[in-house]
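Here the structure is laid out as structure tokens; the discussion comes afterwards.
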């Protein structure tokens, strides 16, 4: 990601919140797959992403925020060519363990989004048919101008007409007091609960509490869906449609996540 410069937004935020990698401690990441439950998550998502990519004629995929590797693994098993990266060293280590466990040949890199051009040139990655930025990862950037710059970097990875699939927590509902975490689509594990801690227009804190008493926190910027669509267009994308929990028609106050499809 990008280093933050002083602004009216970031000046209100604890500097520790801007260091996204620091929030993903080794202990927290060791329990990430327990939180997700890969099998249940795969069942909840169904063929949504593979269908979107196949419909767009995509073959080469860049997973820009791979986390512990769930989507990269699912797409590689579906015979897509996948390159995965994440800025968190603990997540990259976890993804490597998962890829090795599954016997999947997936190129995996640790790279901050600010260094994507260097990564691309150093490893001669070429252009991609699609970029994925999932897990509400863009919300780790608190400044609008920096998010737009990241989106432009994603666009530079894409061939003309290539597709970006990017999701976000439904902060419109959360800020309106309608937070939900159904456990059907995203955090499907049964040993942890997700709740909201600190919340205002510039900060949303998620609290992850496990059955054994362990507790972890992620603090992000609550990007509204219309705001993210505006930033995508400012970065040069067209935004043909959005989905709530993988559905075209959805209640904007009930969906857990919003997924945006943008075209370079």
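Only the coordinates and a few stated rules stand behind these numbers; no lab work does. Here the structure is a predicted model, which is why all the values come from computation and not from measurement. Backbone-built Cβ (ideal geometry, glycine too); neighbour counts: all protein chains shown.
The simple spin-label model puts a point 7 Å past each Cα toward its Cβ; for residue 234 and residue 217 those points are separated by 2.8 nm. Given their separation in residues at 0.36 nm each and the Cα-Cα distance between them, residue 190 and residue 107 gain 26.8 nm when the chain is fully extended. Mean-square fluctuations from a GNM of the chain, with a 10 angstrom spring cutoff on Cα atoms, peak among 44, 87, 177 at 177. When 217, 31, 76 are sorted by how many other C-beta atoms sit within 10 angstrom of their C-beta, beginning with the fewest, the order is 217, 31, 76. Taking the stretch 83-110 and a reference point 7 angstrom along Cα→Cβ of residue 123, the backbone N atoms nearer than 17 Å belong to 83-100, 104-110. Our helix-only sum for the chain, with -39,500 (n - 2.57) per DSSP H run of n ≥ 4 divided by its residues, gives a mean residue ellipticity at 222 nm of -9000 deg cm²/dmol. With contacts taken as Cα pairs under 8 Å and at least 6 residues apart, the chain reaches a relative contact order of 21 percent.
Contour minus end-to-end for residue 34 and residue 178, with contour as 0.36 nm per residue of separation and end-to-end as the Cα-Cα distance?
Numbers: separation 144, 0.36 × 144 = 51.84 nm, distance 2.52 nm.
Taking 0.36 nm per residue and subtracting the Cα distance, the gain is 49.3 nm.
Under 15 Å from a label point 7 Å along Cα→Cβ of residue 254: give me every residue in the stretch 169-201 with its amide N that close. Counting backbone N atoms under 15 Å from the label point, the list is 173, 178-185.
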